[in-house]
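The values are calculated or read from the model by the stated rules, or taken from the named source; none is laboratory data. A quick note: this is a predicted structure, and the numbers were derived from the prediction, not measured. Please note: Cβ atoms are built from the backbone with ideal geometry, for glycine as well, and neighbour counts cover all protein chains shown.
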Amino acid sequence: MPILTFKGGVHPPEKKHFTKDKPFEKLPLPDFVYLFTTNHLGAPAKPLVKEGDQVKTGQLVAEASGTISANIHSSVTGEVVGIESFINASTGRKNNAIVIKRTSEDIWEYIEHDENFKNFSKEEIINIVKKAGIVGLGGAMFPSHVKLSIPPGKKVDYLIINGAECEPYITVDDMMMRTYTEEIIKGIKIIEYIVNPEKIYVGIEENKPEAIKIMKNALKNENIEVAILKTKYPQGAEKQLIKAVTKREVPSGGLPIDAGTLVFNVSTTYAIYDAVINGKPLVERGITLSGGVKKPGNYWFRIGTKVSDLLNQVEIVEEEKIDRIIYGGPMMGIPLPNIDLPTFKGNNAITVLTKEEIPQKHEYPCIRCASCVKACPMGLQPYYLKKLADARKNDIAQENGIMDCIECGACSYICPSNIELVKTFKTTKKVIKAIQKRRV
Amino acid sequence: MKLSTEAAPHFRTTNTTRKIMIDVLISLIPVVIASTWIFGFRALFIMLFSMVFAETLDFSIVRFVRKQKDHIPDFSASVTGLLLGMNLSLAVNWWQIMLGVVVAIILAKQVFGGLGQNFFNPALVGRAFMVISFPTAMTTWYVPFYYQNPDIVTSASPLGIISEEGMNAVLQNYTYWDMFIGRIPGSIGEVSALALIIGFIYLVIKGRIKLMIPVSYIGTVLIFSSVFYMVDPTKFGTPLFHLLAGGLILGALFMATDMVTSPMTKIGQLVFGMGAGILTMIIRFFGSYPEGVSFSILIMNAFVPLIDDWLKPKIYGKTKGEIKHA
């Protein structure tokens with residue numbers, strides 16, 4: 001199969017060499033965990049525990065409320081000490097988190113599971129995924145059980161497992177594929193059993209030759225193909241991955257299922273395996289801790305561990321060298337106002353960026369060099385949208401596709417005049433959405 | 001610990017607008033050398049004077065009229081000034097150059113709002129102003145190496161010869177090799193195709209150019225002139241002649257590709273180049289001026305907003321019919 005890709009995109013420095021060959025290491029259990037009730041896209045989960053309650057690892061502590069929401073489980077064994085609110089760095093608002101003090105080693109509470117998943121019906125498996133609180137672990141945190149429930153009349157032609165991992169620094173999915181190959185394949189088969197696709201691909205960027213080799217070997221006798229993707233950002237973005245692998249486009253404003261496709265991240269696939277086969281709810285996952293740290297690597301950690309606790313394990317460099325610390329990678333990562341904040345289910349990386357990596361750049365006027373038009377993976381014209389957004393011409397901006405912007409940041413990355421393109425689009429999109437809500 | 005909470009993306013390209021302009025200046029060094037060799041130090045003086053005055057004027061306006069205290073020169077005005085100098089005849093004097101620069105920088109650029117805001121290529125506006133204001137000086141062509149042989153100083157340019165006397169008269173005076181390396185009368189920077197192409201290759205390697213424009217511009221000229229060559233070879237001249245004579249290569253490689261005044265999409269750039277090519281040939285064959293490169297580009301500059309609006313890229317997930325035009 002030829003090397004696949006989409007139109008547009010950029011080539012930021014990869015910086016994966018710090019961690020790409022570091023096997024997973026389990027971090028020691030934290031003394032406290034802080035579980036956000038908004039650990040997913042959608043409505044906050046409803047807490048089921050109160051101060052003083054004893055909880056086991058994997059015990060349900062907050063319940064999904066509404067269709068797009070997910071369960072939250074305790075990630076340690078201990079005692080609930082209360083509810084505290086923290087800044088949610090992605091929204092800037094304060095959200096509640098259930099605080100649990102660890103009192104002992106893990107005493108697990110499992111959900112129903114079966115080594116032979118075919119003993120379950122499709123609906124039963126979807127229910128297990130729902131019970132396990134699994135959300136998209138690539139970062140979007142969309143509840144997986146919602147994705148797996150195919151609406152009537154829709155059909156899955158292609159199932160794509162996303163191992164592209166195009167963000168600089170992050171290597172956790174690469175290491176997942178190399179370490180948990182069999183588990184991920186079993187996870188794929190569980191998804192296959194539920195959604196019954198025509199064809200299954202595992203999409204991996206060229207810059208992960210080890211993962212490609214291992215996956216190809218393991219899939220020799222399976223009806224699953226490895227799709228080798230060009231190393232280019234944002235190759236791992238859902239819409240771009242679908243385009244590269246299937247040549248199909250998700251209709252504007254629609255979901256992948258509208259194009260007969262379904263995408264699951266490799267870590268999510270593993271989580272589905274772990275829930276269905278081992279009965280473990282989503283309480284731990286892999287993470288890449290890299291950048292300005294002394295022990296960069298791929299680690300297993302308990303969801304809800306504070307960022308400061310994670311960084312203490314890998315020892316950050318001298319304070320004065322640090323410019324910013326982000327959830328995720330340098331292209332889309334969310335900057336942390338301070339490190340005294342909890343981790344989310346969607347955290348695939350925490351990256352410490354040093355001052356030397358972030359050049360202080362002067363902003364020049366747009367010289368219409370067309371780099372942003374070439375780079376936009378959605379076929380938008382960022383320079384034009386920026387002009388419209390600055391002039392508050394939101395209707396015309398909408399006509400020109402501002403709502404189709406996936407906020408990948410390729411335009412801002414490539415702009416030689418250092419114009420804040422994607423930042424403006426994010427704000428304008430929020431304004432447009434708020435106005436639409438009010439009109440309804 | 002004090003952490004920055006600047007928005008993503010946290011990585012930015014190391015490329016800057018200033019670096020782009022510096023690369024364009026570097027790419028013009030071969031032309032400066034060739035022109036100085038062909039036309040002597042007077043040519044060098046005109047190019048440098050125009051460049052330095054343009055940059056000074058532009059900087060003064062931004063710094064003292066617009067009062068941008070943190071302004072760091074981006075060298076776009078140097079590019080404009082140098083290109084204007086290259087578009088001049090050796091016969092212009094210093095105050096004529098200054099007037100041309102003032103028109104280019106103030107009237108064609110700063111009045112519209114400065115860098116990135118202008119519709120017309122400033123250097124070409126400056127040149128057009130000078131062609132109209134000083135027609136004699138601007139169409140007096142010095143012969144190459146006149147400084148070695150002061151007996152014959154001026155002569156008609158190859159394009160002037162063909163429109164008066166036809167193709168055979170041109171070939172009696174100049175070979176294609178002369179035209180390629182620049183041993184012909186003409187504007188200071190336009191004569192040496194070789195030097196221009198060397199600079200162009202540098203820009204292509206550095207990825208600093210909207211490549212579709214020169215390809216479609218020159219391609220259109222070659223096709224158009226081939227058709228007319230088949231009709232009447234002695235009157236209209238060969239396609240190779242139209243490629244090498246006059247300002248086509250300078251115009252197609254360095255003037256039409258001005259980022260600010262050219263379309264944003266590949267298909268738009270294709271149309272832009274084709275339009276400029278057709279107009280150039282119409283002026284050359286049927287106009288009263290022997291040369292039409294700069295006016296063609298200026299006319300096409302005016303179409304850029306329209307081209308950009310009609311030839312938008314296809315948005316992912318939308319059908320062609322869903323894309324709206326103003």
| task | May I ask you to say which residue of B:219, B:160, B:189 is buried (at least 22 other Cβ atoms within 10 Å of the Cβ) and at negative phi? | result | B:189
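Let's see how each residue does on (1) at the interface with chain B (Cβ under 8 Å from one of its Cβ atoms); (2) out of contact with any Phe, Trp or Tyr (no Cβ under 9 Å at 6 or more places or on another chain):
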| site | (1), (2) |
| --- | --- |
| A:326 | yes, yes |
| A:330 | yes, no |
| A:342 | no, no |
| A:349 | no, no |
| A:380 | yes, no |
| A:395 | no, yes |
| Qualifying positions in the stretch A:39-74 - hydroxyl-bearing (Ser, Thr, Tyr) and within 19 Å of the chain's Cα centre (by Cα) | A:69
| task | Output the residue which, of all residues in the stretch B:192-224 that are aromatic (Phe, Trp, Tyr) and touching a Gly at 6+ places or on another chain (Cβ under 7 Å), is modelled with the lowest pLDDT. | result | B:224
| field | Of all residues making up the stretch A:19-44, the number that are of a type outside the set (Val, Ile, Thr) and within 12 Å of residue A:345 (Cβ to Cβ) | value | 5
| field | Looking only at the stretch B:300-319, and only at residues there that are within 20 Å of residue A:388 (Cα to Cα) and in contact (Cβ under 8 Å) with a residue 60 or more places away in the chain, the one that is surrounded by the fewest Cβ atoms within 10 Å (Cβ to Cβ) | value | B:305
| query | Tell me, which residue of the stretch B:296-320 that is in a helix (DSSP H, G or I) and under 17 Å from residue A:380 (Cβ atoms) is nearest to the other protein chains (Cβ to nearest Cβ)? | reply | B:308
| Close pairs from the stretch A:262-278: first in a helix (DSSP H, G or I), partner of a type in the set (Phe, Trp, Tyr), Cβ under 7 Å, at least 6 apart | A:270/A:180; A:276/A:117; A:277/A:117
| task | Report, ordered by the first and then the second residue, all pairs with beta carbons closer than 6 Å, sequence separation of six or more or different chains, a first member in the stretch B:58-76 that is more than 13 Å from chain A (Cβ to nearest Cβ), and a second member that is surrounded by 12 or more Cβ atoms within 10 Å (Cβ to Cβ). | result | B:59/B:73; B:61/B:110; B:63/B:71
| task | Check whether at least one residue in the stretch A:242-257 is touching a helix residue (DSSP H, G or I) at 6+ places or on another chain (Cβ under 8 Å), part of a helix (DSSP H, G or I), of a type in the set (Ser, Thr, Tyr) and away from chain B (no Cβ under 12 Å), and report yes or no. | result | yes
| field | Of all residues in the stretch B:1-26 being without any contact (Cβ under 8 Å) to a residue 12 or more places away in the chain and closer than 16 Å to residue B:207 by Cβ, the one that is surrounded by the fewest Cβ atoms within 10 Å (Cβ to Cβ) | value | B:14
| field | Residue list for the stretch B:175-186, filter: over 16 Å from residue B:239 (Cβ atoms) and either touching a helix residue (DSSP H, G or I) at 6+ places or on another chain (Cβ under 8 Å) or surrounded by 20 or more Cβ atoms within 10 Å (Cβ to Cβ) (or both) | value | B:181, B:182, B:183, B:184, B:185, B:186
